[in-house]
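The values are calculated or read from the model by the stated rules, or taken from the named source; none is laboratory data. This structure is a prediction, so every number in the text was calculated from the model and none was measured. With ideal geometry, Cβ positions are generated from the backbone for all residues, glycine too; neighbour counts draw on all protein chains shown. Heavy atoms of the whole protein, side chains included, go into the accessibility calculation; ligands, DNA and RNA do not. Shrake-Rupley method; radii C 1.70, N 1.55, O 1.52, S 1.80 Å.
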Amino acid sequence: MAYHRFDAVIVGAGGAGLMAAIQLAGKANIAVVSKLYPPRSHTGAAQGGISASLGNTEEDHWKWHMFDTVKGGDYLVDQDAAEVLCREAVDAVLELEHMGLPFNRTPDGRIDQRRFGGHTRNYGEGPVRRACYAADRTGHMIIQTLYQQGIKHNVNFLDEHHLLDVLFTDDGRCCGVVTMEQRTGEIHTVHAKAVLIATGGFGRVFKVTSNAMAGTGDGCAIPYRRGVPLMDMEFYQFHPTGIYKLGILLSEAARGEGGILRNGAGEAFAERYAPTLKDLAPRDMVSRFIHEEVKAGRGVNGEDFVHLDLTHLPPELIDAKLPDITDFARTYLGVEPKTEPIPIQPTAHYAMGGLPTDVEGRVILDEESRIVPGFYSAGEAACVSVHGANRLGTNSLVDLVVFGRRAGRHMLGFLPDAELPPLPSDPEFTARAQIADLLNRPKGERASELREAMQEVMMDKVSVVRDAVGMTEAQREIDRIRLAYKNLAIDDRGTCFNTDLSEALELGCMIDCAEAIVAGALAREESRGAHFRDDFQTRDDKNWLAHTLVYRTSGGLQMRKKPVTITEFEPKERKY
Amino acid sequence: MEVTLRIKRYNPETDAKAAFKEYVVDVEPTDRVLDAMNQVKWKHDGTLTYRRSCAHGVCGSDAMRINGRNRLACKILMKELGKKITIEPLIGYKVIKDLVIDMDQFFDSYKAVKPYLIADDAPSAVERRQSPEQRERYDDTTKCILCAACTTSCPITWTNERFVGPAAIVNAHRFIFDSRDQGGAERLRILNTQSGVWRCRTIFNCTDACPRGIEVTKAIEEVKRALLFETV
């Protein structure tokens, strides 16, 4: 075993984790743990942009951005948090520029901005140019820039360490994490006054997803096992334009730059559903439009996909502003987007839910917002909640920069007065037992079989449109998979870079996330944002203008409600 | 269709040296090599070990030698490769296990060129100005995903472990030609040493290997020219 002591440990080296690390670097003794090399983190796959009301190309205001965020989230957004998000977005984007991020520029040298779904001028009048971008590789530029800053500030990286456990004292303080070093299989205890979970999402619980294979929800599932609730798990975003069958993301920027969705008859169907914003309606709605078209037999050739049409755009615009996504279409589909439409379908993309936090990134335990001292979360793993029932495009990057930074700064204030909590008597006990168990099972089902079964049922029964019958079936299947997990066996029994073992550990985390998603989705008997119930098709503010908290207890799952904070914008019907 | 993957395997815990092992997989022509490898790992042999994450060519995890050329396993399709595909780890760095190589030296070289903006003149409440032309000047080298395909395709890297390698030079170029940066002279000094750009023999393997289409050799030449003619 190896023992390390730091002031704070950050788990996850994507945008949120690195942004927090940069606040702390040089001022506190910190470590950043990542199961990949930091620049491989999934922030790097973000494409279209990061919104901020800079107003560089047309009039804009943070309050318009806040309104769009609240409305886009179908009024489940905590509005105090949305205000922080949209106010601080401006400064956060400028900070990224100062760090060297190579944004596209306007002719006069300022950060260029473009249109994105659900972002409007003057409270919904029409689309506004708010998304700051670097071609269609904005996330790549963010992860590279933040990693560069991490190097500049001598951040201590523990690369390719797999998170096994999060440690708490008996009186409920967070005191560190346990990891497995991939290269050696060695177990490490990282003892710290504060822990930040910034491990991203869990799109891999679904069959068709834009998420990286690393997106398995480890950082959400492990605290959940230790009694920390997960919030709003039923809200999972399906991005309308994933490459057919593969799920690889084709940015909303394609539609922001003028791309159009067409059904099998060639009709631009979005305007039938959203007359004002058309193809730039929020993602939850556009995904449902596609679902409706396919259900009505209007998919391409009657099949379960539609087309993203860029053929009317100037070829030089495609090359300059959408080079990567058009390259994906060429590489994976053999389709030339300048002359042919691209087959697309909704793809599992983003978790609005996660570890509940306040606006300082502190994880909270209940509807009274009781905190866990020393325990923080930010980015997709967290639920502040700034995205409510449906996140707007570009707001994930805003979230991780703004709240990663806030969490880092709050930790900086917390650390000097905090004492190092004692470790539990045998801190690695749970982690070691789990690994020994997996390594010593003689025979059983493969992790891949269970994983595929879970991904199938989640895609089939718990995606864009849901109902009680299907979800009950999914729940039974998840229960079966959880039971079968106790008997799965792996081939690799070694200690060196055992990815067979880490994939099995990840599956365990995904089962927990899937279970929480289904529990939330079954409980919430209404339709709101990304959560659409065929058996409860309307929004029910009387009963459900509330967050859900799901707890894993020895007596089974418990659901609780947490009120939504409303400051400026009263809930209204959501039309675009 | 049936395809045979011939994969170079090495487990330090059990093997004295690396050896090829063959697997027959049933794939679609449009499947990625990564899909075929996943099929092996998930259906046949869970001990097969490789890095992977995004599965669409942007995270840089799964660079390997596929039919003798450095490629990302997630960005090359089966139909481009024939019925028998040879997969080996990248050359030049120590193999940890199967296709997983030791990246320490790669990242050390990267860090050695100070790959971050050096500038102390940030304005407070606005962005620095940069014209679209100035931005375009270094666009190509911003695309690097640090996959190491270029550096491990370079014969100079294979024989001279002190050479910083193409990827480090690409990342130096990204800042040297950024109008906002003030560290160009410092980086050029680093690249003007024994381990720097002059080791490059303009072989173009790096350009061929880059999965992001970066003109790596051209970037290296531009750094050389900046040193010769003081154009920065």
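Interface burial in segment B:123-154, defined as at least 30 Å² less accessible area with all protein chains than with the chain alone at a 1.4 Å probe, covers B:Glu127, B:Arg128, B:Arg129, B:Gln130, B:Pro132, B:Arg135, B:Thr142, B:Lys143, B:Leu146. For chain B, a Gaussian network of Cα nodes joined below 10 Å ranks B:Cys147, B:Cys54, B:Cys206 by mean-square fluctuation, and the top entry is B:Cys54. Pick from B:Arg199, B:Arg71, B:Arg135: which residue has the top mean-square fluctuation in a GNM of chain B where Cα pairs under 10 Å get a spring? Fluctuation is largest for B:Arg135. Largest first, the three principal axis extents of the alpha carbons in the protein assembly as shown are 73, 65, 63 Å in whole numbers. Just which residues of segment A:71-94 lose 10 Å² or more accessible area with every protein chain there, against their chain alone, with the probe set to 1.4 Å? Buried by the other chains: A:Leu94. Chain B contacts chain A over a buried accessible area of about 5400 Å², both sides summed; the probe is 1.4 Å and only protein chains count.
For A:Asp319 and B:Lys218, the FRET efficiency from 1/(1 + (r/R0)^6), where r spans their Cβ atoms and R0 equals 25 Å, is about 0.85.
Mind checking the per residue accessible area of segment A:395-500 for me, 1.4 Å probe, whole number of Å²?
Details: 4700 Å² over 106 residues.
About 44 Å² of surface per residue is accessible.
Over chain A, Cα pairs under 8 Å with separation of 6+ residues give a relative contact order of 22 percent. Each peptide in A:2-9, A:217-224 receives the mean, over its residues, of other Cβ atoms within 10 Å, and ordering these scores from highest gives A:217-224, A:2-9.
Stretching B:Ala112 away from B:Thr159 to a fully extended chain increases their span by 15.0 nm, per 0.36 nm per residue minus the current alpha-carbon distance. Extending 7 Å from Cα along the Cβ direction at B:Ile203 and again at B:Glu28 yields two label points whose distance is 3.8 nm. How big is D, in µm² s⁻¹, for segment A:344-411 by Stokes-Einstein at 25 °C and 0.890 mPa s if Rh is the Kirkwood radius over C-alpha pairs? Result for D is 198 µm²/s. If you run the Gaussian network model on chain B, springs between alpha carbon atoms under 10 Å, then out of B:Ala16, B:Ala112, B:Ala36 the most flexible one is B:Ala16.
Only residues of segment A:18-60 count here: report those whose backbone N is under 11 Å from the spot 7 Å along Cα→Cβ of A:Glu125, or say none. Residues A:59-60 fall inside that zone. Dividing the Cα radius of gyration by the Kirkwood radius, what Rg/Rh value follows for segment B:139-212? My calculation of the ratio gives 0.96. Using all Cα-Cα distances in segment A:455-576, what percent lands in each 10 angstrom bin from 0 up to the longest? Bin by bin from 0 Å, the calculated values are 11, 34, 29, 16, 7, 2. Treating r as the C-beta distance of A:Glu570 and A:Arg272 and R0 as 45 Å, the FRET efficiency rounds to 0.95. Think of segment A:239-347 as a dipole: +1 on every Lys or Arg Cβ, -1 on every Asp or Glu Cβ, centred on the Cα centre; then among A:Pro323, A:Pro346, A:Leu313, A:Pro346 lies furthest on the positive end. Among the aspartates and glutamates, which have Cα under 17 Å from the Cα of A:Lys295 when same-chain residues fewer than 8 positions away are ignored? Leaving aside aspartates and glutamates fewer than 8 places away in the same chain, those within reach of A:Lys295 are A:Glu267, A:Asp284, A:Glu303, A:Asp304, A:Asp460, A:Asp467, A:Asp534, A:Asp535. Entry note, the protein assembly as shown: the mean residue ellipticity at 222 nm calculated from DSSP H runs of n ≥ 4, each adding -39500 (n - 2.57), is -9500 deg cm²/dmol after division by the residues and rounding to the nearest 500. Annotation for segment A:80-180: chymotrypsin sites (Phe, Trp or Tyr not before Pro) lying in DSSP loop with at most 15 further Cβ atoms inside 10 Å of their Cβ are A:Tyr123.
For chain A, the share of accessible area belonging to carbon and sulfur comes to 48 percent (1.4 Å probe, ligands and nucleic acids excluded).
For chain B, the equivalent ellipsoid derived from the alpha-carbon gyration tensor has semi-axes of 37, 19, 15 Å in decreasing order. Applying the criteria of a DSSP loop state and at most 13 other Cβ atoms within 10 Å to the GluC sites (Glu not before Pro) of segment A:282-343 yields A:Glu303.
Normalised radius of gyration for segment A:239-347, please: alpha carbon Rg relative to 2.2 N^0.38 Å, two decimal places.
For segment A:239-347, the normalised Cα radius of gyration comes out at 0.96.
All C-alpha pair distances within segment A:345-480, sorted into 10 Å bins from zero, spread as 10, 23, 28, 28, 10, 0 percent across the bins. Summing +1 for each Lys or Arg and -1 for each Asp or Glu among the other residues whose beta-carbon sits under 13 angstrom from that of A:Ala82 gives -4.
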